[in-house]
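Student: Just passing along the structure, written as structure tokens.
The values are calculated or read from the model by the stated rules, or taken from the named source; none is laboratory data. Just so we're clear, the structure is a prediction, and the values are computed from it rather than from any experiment. In this analysis, Cβ positions are derived from the backbone assuming ideal geometry, glycine residues included, and neighbour counts consider all displayed protein chains. Protein only, heavy atoms only, side chains kept; ligands, DNA and RNA dropped before computing areas. Shrake-Rupley method; radii C 1.70, N 1.55, O 1.52, S 1.80 Å.
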Amino acid sequence: MSKQQTGEFGWLPVPRNRSNIPTKANANSTKDDVEFNRIWPTTDVVRQAQAYVKQALSTETYNHSLRVYCYGHTMVSQHFRDWIESVEGSFFETWALTCLFHDLATTPENRNDTHLSFEFHGGLMALQRLQEFGAPKAQAESVCEAIIRHQDPGETGMITRLGQLVQLATEFDNMGFQPHLIHEDVIKQVVDQHPRLKWSSCFAKTIKAEIEEKPWCHTTVLPTFAEDVAGNKLMAPYE
């Protein structure tokens with residue numbers, strides 16, 4: 001394994017219990033310019049992945065994926081600057097690919113295509129497609145692992161930086177968790193560019209559908225997941 005690829009593609013470890021995350025008292029989240037076209041990478045692999053994913057996802061899920069990118073980009077830029085020291089371009093490219101693919105396997109077609117839980121199916125889809133699009137193996141693997149573990153919070157062990165970031169950013173958009181990590185002004189900018197379109201009720205229905213179809217699925221480790229998504233008070237004014 002290349003040490004450079006380990007850092008630039010988000011492979012470095014962080015505590016799964018999130019002891020590295022700023023608290024409400026010391027987060028100091030600020031207003032920021034979150035102009036999507038300014039912060040979104042435009043590399044060839046991202047363009048191919050975006051075109052592929054956009055035609056497969058509903059508008060609601062696609063918008064969610066882009067909001068997750070914006071929130072994660074803001075979190076890293078304000079709270080985890082050391083993560084991108086000397087690797088900013090490749091890290092955010094890998095982050096964009098993770099956001100695009102992380103919910104691809106939630107579509108009815110992709111859910112019905114396999115017995116696998118959606119995170120595992122989505123991770124494997126990303127691993128295959130991204131290498132076809134020209135992504136280095138280490139980058140595609142990083143995206144794959146992050147997607148597989150993006151609904152795997154816990155108190156023990158470690159997770160990659162990319163894996164932790166996709167947990168934080170998806171939880172923020174889906175449930176309003178860790179609100180101190182993002183300034184309210186950033187939320188308004190992001191939602192203006194990528195409207196929620198009643199995302200809370202839309203995604204809650206998807207969660208329930210997967211559990212009904214696959215009662216063994218990994219989503220069942222989060223017993224109040226659908227209720228937490230449907231009851232997202234932070235994002236209620238923007239639905």
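Student: Which residues, counting only those in the stretch 139-170, are open to solvent by 20 Å² or more (accessible area, probe 1.4 Å), closer than 26 Å to TYR52 by Cβ and out of contact with any Gly (no Cβ under 9 Å at 6 or more places or on another chain)?
Tutor: Answer for the stretch 139-170, where residues must be open to solvent by 20 Å² or more (accessible area, probe 1.4 Å), closer than 26 Å to TYR52 by Cβ and out of contact with any Gly (no Cβ under 9 Å at 6 or more places or on another chain): just GLU141.
Student: A further question follows. What number goes with the only condition from (1) touching a His at 6+ places or on another chain (Cβ under 7 Å); (2) in a helix (DSSP H, G or I) that THR219 does not pass?
Tutor: (1)
Student: Looking at ALA49, is it open to solvent by less than 10 Å² (accessible area, probe 1.4 Å) and without any contact (Cβ under 8 Å) to a residue 60 or more places away in the chain?
Tutor: Criteria not met by ALA49.
Student: If we scan the stretch 208-219, do we find a residue that is farther than 28 Å from GLU93 by Cα, among the acidic types (Asp, Glu) and in contact with a helix residue (DSSP H, G or I) (Cβ under 7 Å, 6 or more places away or on another chain)?
Tutor: Yes, that holds for at least one residue.
Student: Shifting gears a bit: Any chance the stretch 139-158 includes a residue that's hydrophobic (A, V, I, L, M, F, W, C) and in contact with a strand residue (DSSP E or B) (Cβ under 7 Å, 6 or more places away or on another chain)?
Tutor: yes
Student: Ok, one more. Filter the stretch 13-29 down to residues that are touching a helix residue (DSSP H, G or I) at 6+ places or on another chain (Cβ under 7 Å) and open to solvent by 60 Å² or more (accessible area, probe 1.4 Å), then give me how many there are.
Tutor: Residues flagged as touching a helix residue (DSSP H, G or I) at 6+ places or on another chain (Cβ under 7 Å) and open to solvent by 60 Å² or more (accessible area, probe 1.4 Å) within the stretch 13-29 amount to 1.
Student: Could you check the stretch 220-229 and list, in sequence order, the residues that are touching a helix residue (DSSP H, G or I) at 6+ places or on another chain (Cβ under 7 Å) and surrounded by fewer than 17 Cβ atoms within 10 Å (Cβ to Cβ)?
Tutor: Selection gives THR220 alone.
Student: When you scan the stretch 82-91, how many residues do you find that are open to solvent by 10 Å² or more (accessible area, probe 1.4 Å) and aliphatic (A, V, I, L, M)?
Tutor: Residues in the stretch 82-91 being open to solvent by 10 Å² or more (accessible area, probe 1.4 Å) and aliphatic (A, V, I, L, M): 1 in total.
Student: Test ILE207 against the stated conditions and say whether it is touching a residue at least 12 places away in the same chain (Cβ under 8 Å) and farther than 22 Å from ASP32 by Cα.
Tutor: Yes.
Student: When only residues in the stretch 197-216 that are open to solvent by 30 Å² or more (accessible area, probe 1.4 Å) and assigned to a helix (DSSP H, G or I) count, which is farthest from VAL229 (Cα to Cα)?
Tutor: GLU213
Student: A further question follows. Out of everything in the stretch 92-134 that is among the small types (Gly, Ala, Ser) and in a loop (DSSP other than H, G, I, E, B), what residue ends up being surrounded by the fewest Cβ atoms within 10 Å (Cβ to Cβ)?
Tutor: GLY134
Here's the yes/no breakdown for (1) farther than 16 Å from TYR69 by Cβ; (2) touching a Cys at 6+ places or on another chain (Cβ under 7 Å); (3) modelled with pLDDT of 95 or more:
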| residue | (1), (2), (3) |
| --- | --- |
| PHE172 | no, no, yes |
| PRO179 | yes, no, yes |
| GLU184 | yes, no, yes |
| CYS202 | yes, no, yes |
| GLU210 | yes, yes, yes |
| ALA226 | yes, no, yes |
| VAL229 | yes, no, yes |
| LYS233 | yes, no, yes |
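Student: From the list GLN178, GLN131, exactly one residue is farther than 20 Å from THR106 by Cα, touching a residue at least 24 places away in the same chain (Cβ under 8 Å) and either touching a strand residue (DSSP E or B) at 6+ places or on another chain (Cβ under 8 Å) or polar (S, T, N, Q) (or both). Which is it?
Tutor: GLN178
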